[in-house]
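The values are calculated or read from the model by the stated rules, or taken from the named source; none is laboratory data. Worth saying up front: this structure is predicted, and the values here are computed from it rather than measured. Positions of Cβ are generated from backbone atoms using ideal geometry, with glycine treated the same way; all protein chains shown enter the neighbour counts. Heads up: the accessible areas ignore ligands, DNA and RNA and are worked out on the full protein's heavy atoms, side chains in. Shrake-Rupley method; radii C 1.70, N 1.55, O 1.52, S 1.80 Å.
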Amino acid sequence: MAFLAILLLAVSSTLMAVHLASLALVLPRLRGGPPMRPVPPDAPRITLLRPFKGLEYRLEETLGSSLTLDYPGCQVLFCADDADDPTVPLVRRLIAEHRDVDAQLLIGRDPVSRNPKINNLLKGWRAAEGEFVAMADSNIILPPDYLSQLLSRWDAQTGLVTSPAAGIDPQGFGAALECAFLNGYQARWQIAADQIGLGYAQGKTLFWKRAFLDGAGGPAPLGDSIAEDAASTRLVRSAGLKVHLAHRPFAQPVGRRTVATVWKRQLRWAIIRRVAFPGLFLAEPLSSGAVPLLLFALGAAAGGLSAGLVVVYPVLWYGAEWWLVRLAGWPAGAQIIAASLLRDAMTPLLWALAWTRSSFDWQGNAVGTTGKDGQ
């Protein structure tokens, strides 16, 4: 067999081994629910911040879950930029229906950074009374033990607890594509990294010890970055601490998406990763199926292997991912398998295009890559 064929087959086999290893690392975290931990009698005060803007799918359920937490004495602060936001009446009604919860709606924007989410959150941070502060995006469902789960992951070496989202309830193929990115790819790799002590932040949930972030200037400096989660990861690591993940991701109802919408969102995230962590981003095309499969097919052709053997590679690659997603209880039908194939075909294209872009649109705001994250 020619040297080139051996080299291609060796590289593709190594990539397959890494793929399967990532799945094996994640498996213990996704089998069953998180371990139940009682809230200690001396539990610290926690403030939950929930920023929102505009109407989203199943928003009453996602925001309403903030008011059904089982953590004693938590403070819940909803944050909006504008009193005319269409979600404001819903939030006011939810608060009125849960008068037993210490909850408030705060309205106004603090233009302290180029990050609209941080600008919205800052008023909540200033009003927070908790020793710990959890920032949770408006489109995730918080289980009753959400705060207990986050607190249970805290130890002396922790600077931040975070979590990716798990996409649920996809409506249509575009939404299945979103779930394929969120679940079998992004959540899997993020949990695998956490399993080996290399956890990194995801903006869906950021759980801070207030004194630590205040000592670094509060949330405002995070807004100087292209993404607050990337800035959070760097801040924690620079302090010699670790980012830990919740035991498993929290659910995000996806609803309807178009493929074009998913492409735009994934391009934004690709640009952020390229700017924030360029070294890791260089290797990103190797983390999804398209490039490894191509290398294996070329190696098989150069080595004269049968076509039937070539088929084994994608069946093993996507079959193992499908099995993990199904075990986790996430969407796992035939549409998800097809969406996973499209996802991996898109990934090298997104990677290449991210190197050519210096800005993106986020909630109607043009965000550039110059500044503290700039190259």
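Remarks
- Magnitude of the charge dipole for the chain, about its Cα centre and with charges confined to Cβ atoms of Lys, Arg (+1) and Asp, Glu (-1), is about 560 debye.
- Backbone HN-Hα couplings from phi across the stretch 207-214 [Karplus 6.51/-1.76/1.60, Hz, Gly and Pro as x]: 10, 10, 7, 4, 4, 5, 5, 4
- Point-to-point label distance, Arg265-Leu27, nm (Cα→Cβ direction, 7 Å offset): 3.0 nm
- Cα gyration tensor category, rounded, prolate or oblate, for the stretch 104-191 with a/c compared to 1.5: oblate
- In degrees, nearest ten, helix 3-30 long axis to first principal axis of the chain (Cα): 30 degrees
- Close amide-amide hydrogen proximity is noted between Ala201 and Thr233, each under 5 Å apart and 5 or more residues distant or on a separate chain (H modeled in the peptide plane; Pro and chain starts excluded).
- When a 1.4 Å probe is rolled over the protein heavy atoms, the share of accessible surface on the stretch 52-167 that falls to carbon and sulfur comes to 50 percent.
- Surface analysis of the chain yields an accessible area of 42 Å² per residue, using protein heavy atoms and a 1.4 Å probe.
- C-alpha long axis of helix 88-97 to longest principal axis of the chain, angle in °: 70 degrees
- Separation of the stretch 108-161 from the stretch 35-64 is 9 Å, based on Cα centroids.
- Shown is the FRET efficiency for Asp155 and Thr68, computed with R0 = 22 Å from the Cβ-Cβ distance and rounded to the nearest 0.05: 0.20.
- Hz values of 3J(HN,Hα) by residue in the stretch 184-191 - Karplus curve (6.51, -1.76, 1.60), Gly and Pro given as x: x, 10, 5, 4, 4, 5, 5, 5
- Ordering Leu198, Gly54, Phe281 by the projection of their Cα atoms onto the charge dipole of the chain, which places +1 on the Cβ of Lys and Arg and -1 on the Cβ of Asp and Glu, puts Phe281 at the extreme positive end.
- Mean sequence separation of contacting Cα pairs (under 8 Å, at least six apart), scaled by the length of the stretch 108-233, corresponds to a relative contact order of 38 percent.
- Dipole of the chain, positive end: most advanced residue of Trp263, Ala80, Ile107 [Cβ charges, Cα centre]: Trp263
- For the stretch 248-254, putting each phi into the Karplus relation 6.51 cos²θ - 1.76 cosθ + 1.60 with θ = phi - 60° gives couplings of 8, x, 9, 6, 10, x, 8 Hz, in residue order, rounded to whole numbers and with x for Gly and Pro.
- Between 0 and 90°, nearest 10: helix 259-276 axis offset from the chain longest Cα axis: 80 degrees
- Cleavage-rule hits (trypsin sites (Lys or Arg not before Pro)) in the stretch 22-73: DSSP loop, at most 12 neighbouring Cβ within 10 angstrom: Arg31
- Look at the alpha carbon pairs under 8 Å that are at least 6 residues apart: their mean separation over the length of the stretch 1-98 gives a relative contact order of 28 percent.
- Leu48 long-range amide H proximity, modeled H, under 5 Å: Gln75, Val76, Leu77, Ala134
- Structure-based [θ]222 nm, the chain - -39500 (n - 2.57) summed over DSSP H runs of at least 4, per residue, nearest 500: -14500 deg cm²/dmol
- Under a 5 Å amide H cut-off, with hydrogens placed 1.01 Å from N, Ile168 pairs with Gln252, Val254 among residues at least 5 apart or on other chains.
- Residue among Met346, Ala231, Ala211 farthest towards the positive dipole end of the chain, charges placed on Cβ: Met346
- Here semi-axes √(5λ) of the Cα gyration tensor in Å was computed from the coordinates, and among (i) 34, 28, 19; (ii) 38, 22, 20; (iii) 35, 25, 23 the match is (ii).
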